[in-house]
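Just below is one structure, and these are the notes that go with it.
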Amino acid sequence: MRILLTVALFVTLFVFFACEDYRDINDFDRSDYRPEFAVPLATGEFEFSEIIGQTSSESYLEVNEDGQVVFVFSGDVARQGSLDIFNEIQLIPFVAQDSCNVIPIPLTNEILLDYAVLSGGSMSILSRNPYAEPIMVELYLPELRVDGEEYLREFGPFAPDESITIDQPLEGIELILGKEEMTICVTAILPDGTRDRLPSDNTFGALRNMTFSYIEGYWDYEVIPMDEDTIEIEVFETLRRGDMFFEEPVVTVNLENSFGFPVRADIRALEMYTITGDTFEIESPFVENGFDIEYPQNNGEFENTIFQFTKDNSNLPTATSIKPLALYYDMYAIANPDRDTSITGFMSDSSEIIVRVDVRLPLKGRASEFEARDTVDFQVPETDGSYDIEDGELKLYFENSIPVGLTVQGYLWDENNQVIDSLFGQDGITVVGHDAATGAFTTTDAIVPFTQEQFDLWESAEKVHIVARFTSVNYPDIVTIRGDDKMRFGMGIKAELSNL
Amino acid sequence: MASSATFGQIGLSPFTAPNALQGFRLNPARTNFDKKLYVGLGHFNTDFYNSAGDVTNAVSREGDKLFLDIGELVGDLEEQNSLANNVEFMSLYVGTSVNRWRFGLYHSFRLQAEVRYPRDLVELIWNGNGPYVGEELSIAPGGFYNAWNQIGAHIAYDFGKIQLGLNLNRNFGASYGETESGDISVYTDPDFYEITVNNTHQVISSSFFTYEEDYTVDVEENAWRQWAFGRNGGWSLDLGLNFQVNEKLSLHGFLRDLGSITYDENIRRYGGQGEFIYDGAQLEDGLLDQGIDYDVNLDTIITELDYQEIQAPSEKEVSLHATYGIGADYLLNEKNRFSLILSQYHSSFQDRSFEMLHLGWHGRLLKWMWLNANYSYKFDRHNIGLGLTLNPGPFQFMLYTDNLFVVFPNEQGQQTALFGGMSFTL
């Protein structure tokens, strides 16, 4: 028993003094520490309705009344104002041959002027008092109205042999003409009330720099240059291969007119430049004959005219099938194209015709292997050298309700724009287009494995050159893209980490 | 006498030692005083509990360096795992007996602490989330920390065959912290590894730590004033009964640490911000123009998952972890004694109870030397321990362990304990 107890004693002492000192543990063993992490890299949702109008003033998307998404490419907004087509009358001189003198109004345009409001200019009279007593000088212009009354004013008195200088502004004065002439009466009034004419040999006058804020009358046939522009159709500019066809393209001419007389749009040129370098002329009766522009009945109002070249009145469907890069147009306006003298028109100094031409491509059509390319900056998540990424995989996920599928590949470029690797394997990834018969949306999963060596290469990439080929569902069926169609996508990475 | 002992979780063996002064701390009725004055100095009683596998299995040596291979531990984890530590440092005990009465006064520093961590958390850290795509991981750790100052009065009465005892303790909380509720779940979606984190975790602290933004935890130092009396008060009781059946057999029962501390100093509560979904860099606003700014998105994750201070109560009552039990001692002869204790340990942290069994043998090697061998079952673990008691003159030294597996590699080597102190009698 004593031996047993002695052994037990030593065992007990061993227990208390044989412990390892774990305070010496330096670190945990990293050699086997290779966690595998799966993290999302990026996600996005592309819904057509969310980017309506968000691109630029020249190109944007809109949803039409049928819910279809429409690409809109616009030309510059052009304005043709009255000052451009109705210049000021710089000088109308006259000699007072008689007490009342009728002088012509030399309008530069073929206008039969009935009524006008002068916005500027002046009237001058130069003479000398030939009488031995002081006189007053009366000016009477029956075609001019001031506050509704005929222009009648007295100036003076002027002493005997005194020079007579009268200079009157014309701004705000109304002009009422039966024909293209006006009467100016210059009368001397003696102190006893006697009225007499000033001598014609030294009485002169002039109307200078007459401008108009408003005129009424007949504007004769006249051709006015309106707008010439080239609209870039960006949807096709990256096209490399394949085919795309829009079933119902439209070229829209938007006009706002505040000229109060008939005007006709005269399309001198409507052409498309194609990616093959050809020029395709759009044919339509309305190109040959033009179309009328609505005009207002009251000054200050605008009338809108929206004229559309469609597949029904032109050869546009054929035109868009040739993949245009731009639309060129040259437009004129013809005033009173029918020379109808019974129409009394008007215009003011603020009258103008505003014109904008749009190319509208409703996303209803078909595409086959339509290829687009773009290059964007690229950066993989930085590891800071604190760990290595082993072989792993990229995971891509798509939810697509757009009836167009695509195959996409990303080519990684180094700083010299040299391809160093492809991002999505050899064949790229294919996103299935949505067939409405299969549900609300179509999902696509793709796993792209990569090696550690590849990932190291990716870290040196500066840009990714994306090549995407679009094909509409059930090609060659026609498909329609609606405003609420969208594609949600996400990309994640799963890989083991080492050397942590 | 002086004593020094090592034992396991809420170690029971030293309380069964012959003539052990510290026995009253488990059962206040078991004060077998036959001297006029008993003085105890610096009795410390600490135990550690690790529910995971044996750390020694995961330690490897390369030259002079030791490395810890966490992977070796992962396989041994249970769904929930614990690291626990209980400490009692009885700085002074003075006791005496008057006729059949026994009296004593004592002062102790106490600590009850535990960290719980789910297997999911360790696996997530060690394996990453890659193997768990499509699964929801629950990773919220739990924690409980209660440190307090205790002044107690001990009184017992010997009715002959029956002894009754009571410890009345006044407690002053120094610092407290606990995870109250909620969880942190992590779900990795299989589509493109979209990660959903739902953090409803909620923690509370009183004079323990403050949480700053950006995951900065400032642990408050336990300055003397925090240990001083008069703050965060509470009462607790220890009750005991001993029945001497005959000269060889006695039966006893005890209730320990019945009471609480009400913390009302510097209470702060922090909570997670709920659900956050990380799906990578957002490309809606410039898919092909702006590139991807990963850093911004990582910052977003960190911000979204951060804790925020929320409304805290003005006071918090914290129950002590109580122990209940019954036992028996059998004196076979002058050289051999046997002891048995059945007890239950109740943790107020997450309201859990653990059954414990102690079976011990005390053998007298010399007139002043006892050896102990014991078996215990605690926290679903089986342990074998040894102990040594020396009684040279008026001093007593004790050395006990409930667990030999700490030094003998074994998958169940998950707990150890230490008891030490000095006492003498006049």
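What to note about this one:
- Hits in region A:450-490 - residues which are within 35 Å of the chain's Cα centre (by Cα), of a type outside the set (Gly, Ala, Ser) and closer than 23 Å to residue A:420 by Cβ: A:462, A:463, A:464, A:465, A:466, A:467, A:469
- Checking residue A:470 against (1) open to solvent by less than 40 Å² (accessible area, probe 1.4 Å); (2) aromatic (Phe, Trp, Tyr); (3) away from every other protein chain (no Cβ under 14 Å), the condition it does not meet: (1)
Residues are listed down the side, and each one gets a yes or a no for (1) part of a loop (DSSP other than H, G, I, E, B); (2) open to solvent by 30 Å² or more (accessible area, probe 1.4 Å); (3) modelled with pLDDT under 75; (4) over 30 Å from residue A:33 (Cα atoms):
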| residue | (1), (2), (3), (4) |
| --- | --- |
| B:14 | no, no, yes, yes |
| B:19 | yes, yes, yes, yes |
| B:29 | yes, no, no, yes |
| B:40 | no, no, no, yes |
| B:60 | no, yes, yes, no |
| B:67 | no, yes, yes, no |
| B:78 | yes, yes, no, no |
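- Any hit, region B:356-363, residues being surrounded by fewer than 16 Cβ atoms within 10 Å (Cβ to Cβ), at pLDDT 85 or above, assigned to a strand (DSSP E or B) and under 23 Å from the mean Cα position of the chain (by Cα): yes
- Test: residue in region A:453-466 that is surrounded by 14 or more Cβ atoms within 10 Å (Cβ to Cβ) and closer than 19 Å to residue A:370 by Cα: yes
- Note on region B:197-222: residues that are at pLDDT 85 or above, open to solvent by 30 Å² or more (accessible area, probe 1.4 Å) and either in a loop (DSSP other than H, G, I, E, B) or within 14 Å of another protein chain (Cβ to nearest Cβ) (or both) total 1.
- Test: residue in region B:82-104 that is at pLDDT 90 or above, charged (D, E, K, R), within 26 Å of residue B:398 (Cβ to Cβ) and crowded, with 17+ Cβ neighbours inside 10 Å: yes
- Of all residues in region B:108-133 being of a type outside the set (A, V, I, L, M) and facing chain A (nearest Cβ under 10 Å), the one that is most open to solvent (accessible area, probe 1.4 Å): B:131
- So residue A:408, is it open to solvent by less than 80 Å² (accessible area, probe 1.4 Å), farther than 30 Å from residue A:386 by Cβ and not in a helix (DSSP H, G or I): yes
- Residue ranges of strands (runs of 3 or more DSSP E) in region A:20-86 with at least 1 members at the interface with another protein chain (Cβ under 7 Å from one of its Cβ atoms) and at pLDDT 60 or above: A:36-47
- Flag: residue A:437 does not match the condition of being open to solvent by less than 20 Å² (accessible area, probe 1.4 Å) and within 30 Å of residue A:249 (Cβ to Cβ).
- Residues of region A:347-379 satisfying the condition of being surrounded by 18 or more Cβ atoms within 10 Å (Cβ to Cβ) and within 14 Å of chain B (Cβ to nearest Cβ): A:372, A:378
- Applying the condition of being more than 8 Å from chain B (Cβ to nearest Cβ) and open to solvent by 50 Å² or more (accessible area, probe 1.4 Å) to region A:486-499 and asking which residue is farthest from residue A:435 (Cα to Cα) yields A:499.
- Consider region B:166-196 and keep the residues that are open to solvent by less than 10 Å² (accessible area, probe 1.4 Å) and in contact with a helix residue (DSSP H, G or I) (Cβ under 8 Å, 6 or more places away or on another chain). The one that is farthest from residue B:303 (Cα to Cα) is B:167.
- Among residues of region B:238-263, those that are open to solvent by 60 Å² or more (accessible area, probe 1.4 Å) and within 23 Å of the chain's Cα centre (by Cα), counted: 2
The values are calculated or read from the model by the stated rules, or taken from the named source; none is laboratory data. Remember, predicted model here, so these are calculated numbers, not experimental data. So basically every Cβ, Gly included, is an ideal-geometry build from the backbone, and we count neighbours across all protein chains shown. Ligands, DNA and RNA are stripped out before the accessible areas are found, and what is left, the full protein with its side chains, is counted by its heavy atoms. Shrake-Rupley method; radii C 1.70, N 1.55, O 1.52, S 1.80 Å.
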